[in-house]
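Data block below; observations after.
The values are calculated or read from the model by the stated rules, or taken from the named source; none is laboratory data. From a predicted model like this one, the values you see are computed outputs, not experimental measurements. Methodologically, a virtual Cβ is constructed for each residue, glycine included, from the backbone with ideal geometry; neighbour enumeration extends over all protein chains shown. When the accessible area is computed, the model is the full protein with side chains, heavy atoms only, and any ligands, DNA or RNA have been set aside. Shrake-Rupley method; radii C 1.70, N 1.55, O 1.52, S 1.80 Å.
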Amino acid sequence: MKSKVLCFLAGFSICLGAFAVEPVVSAITATRGDDQFLRVSYTLANAPAVITFDVTTNGVSVGPRCLERVFGGCARLMRPGTHEISWRPDRDLPGVSFENGEADVQIRCWPTNAPPDYLVLDLVWSNATYYVSADWLPRGGLANREYATRYLVMRRIPAAGRKWHMGVCNASTSHDVTLGSDYYMAVYELTDGQYGRVNGETGGTAKPHSESYKTYRGETLLWPGDGHAVDEGFFIDKVRKLTGFELDMPTEAQWEIAARAGANGPIYGESLDAIAWYGDNSQADGVCALHEVGLKEPNAFGLYDVLGNAFEFALDWQSALTNAEAVDPVGATTGTQRVRRGGGYNLSAAYCSLDRQSDGNQPTYANDGLTGVDGSTKAKYQSIRLVCPAVAVR
């Protein structure tokens, strides 16, 4: 098979982080053979890194939908060595012919402590892939319901070193919080389909999954005294072993910072209906119901259903709030109830709040006991939204 350098120029950029040894990409070549495959070769040295790939023409990307069928050493964590990326331009851009120099191959190198904004964990094959934005997710992007059942889509929250405001503005418990690092947070509440996949089951809906705090983490090892340790055989333990990432519930501070998406006021302006399922809009024939995740508008960080639908557990014990400024707060050291945030599908708009704690719940309770606007009681609708450190580990 003949190979020749044709039409494509090669370049790279590096997204720098505070890394002891920065990864280096060199020896980039782009060749196109008679089989029409464009083959991009590069050498990664010094340290592992996430590699992302793009093709631009006149400085504009050809777009993620044209690059879904790219194979080889990109969209994942790569080890030092020489790697190859393959793509068929004639298949994904039929009828388009580039003259020499009109298209550029772009290789981007992300250190493990500064990975791309989106991490996708495959709950069937245990793969981890990375994307620069939600637009780059293959198979149709988030419109594909498999991302709410088979996969966990995690969004990087840019929190490190910034001072964030928590609580009701100007209230006695309003206070500033600083987090030491970024973290990934699931764009969706944990769904029945995702929960089932982790437990080796197939099928399952995209509706939020409900369990007790204990069922998710266990009850022998307790946050914050035992840190992120969890009991073996419980859900969090299983999903960690399946994916290789230290997944857990968020702290209350992590939850509120992500839910606010950097805003101090309401994220929904005057239209809660646009982003949340709650008592006034979730009813069918007078009965409130959970809805599939991701059907409302996301917040500015791309997170769906942070208000309404299912309550979301945080790690923290329920405790009295103070106005003390805090750094990486972990909540009270003891208590009887765990924090839940965000409101629920059968409650009034008052519960759909970014800046207030709802009543906590016993760690062993799956049923809540609150009376909904439709007269229902003991509703089972407590889910979680998984988080993990923003570090590429596989």
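Residue under question is S181, and the condition is that it be out of contact with any Cys (no Cβ under 7 Å at 6 or more places or on another chain) and either more than 29 Å from G262 (Cβ to Cβ) or open to solvent by 60 Å² or more (accessible area, probe 1.4 Å) (or both); does it hold? Before the answer, list the steps.
Working: out of contact with any Cys (no Cβ under 7 Å at 6 or more places or on another chain): yes; either more than 29 Å from G262 (Cβ to Cβ) or open to solvent by 60 Å² or more (accessible area, probe 1.4 Å) (or both): yes.
Against the criterion (out of contact with any Cys (no Cβ under 7 Å at 6 or more places or on another chain) and either more than 29 Å from G262 (Cβ to Cβ) or open to solvent by 60 Å² or more (accessible area, probe 1.4 Å) (or both)), S181 qualifies.
Pick from segment 125-155 the residues that are over 18 Å from N299 (Cα atoms) and among the basic types (K, R): which of them is most open to solvent (accessible area, probe 1.4 Å)?
Per the criteria, the residue is R139.
Please go through segment 71-93 and give me each residue that is surrounded by 17 or more Cβ atoms within 10 Å (Cβ to Cβ), at pLDDT 95 or above and not in a strand (DSSP E or B), ordered by number.
The answer is G73, C74, A75.
Output the residues belonging to segment 39-70 that are over 19 Å from A134 (Cα atoms) and not in a strand (DSSP E or B).
N46, A47, P48, N58, G59
How about segment 298-316: which of its residues are acidic (D, E) and at pLDDT below 95?
E312, D316
Checking C288 against (1) over 19 Å from the mean Cα position of the chain (by Cα); (2) open to solvent by less than 40 Å² (accessible area, probe 1.4 Å); (3) within 27 Å of R162 (Cα to Cα); (4) touching a residue at least 40 places away in the same chain (Cβ under 8 Å), which single condition isn't satisfied?
The single condition C288 does not satisfy is (3).
Find the residue count for segment 197-231, including only residues that are outside any loop (DSSP other than H, G, I, E, B) and not hydroxyl-bearing (S, T, Y).
Summing the residues that are outside any loop (DSSP other than H, G, I, E, B) and not hydroxyl-bearing (S, T, Y) in segment 197-231 gives 5.
Regarding G225, is this residue in contact (Cβ under 8 Å) with a residue 12 or more places away in the chain, open to solvent by 50 Å² or more (accessible area, probe 1.4 Å) and within 16 Å of L315 (Cα to Cα)?
So G225 passes the test.
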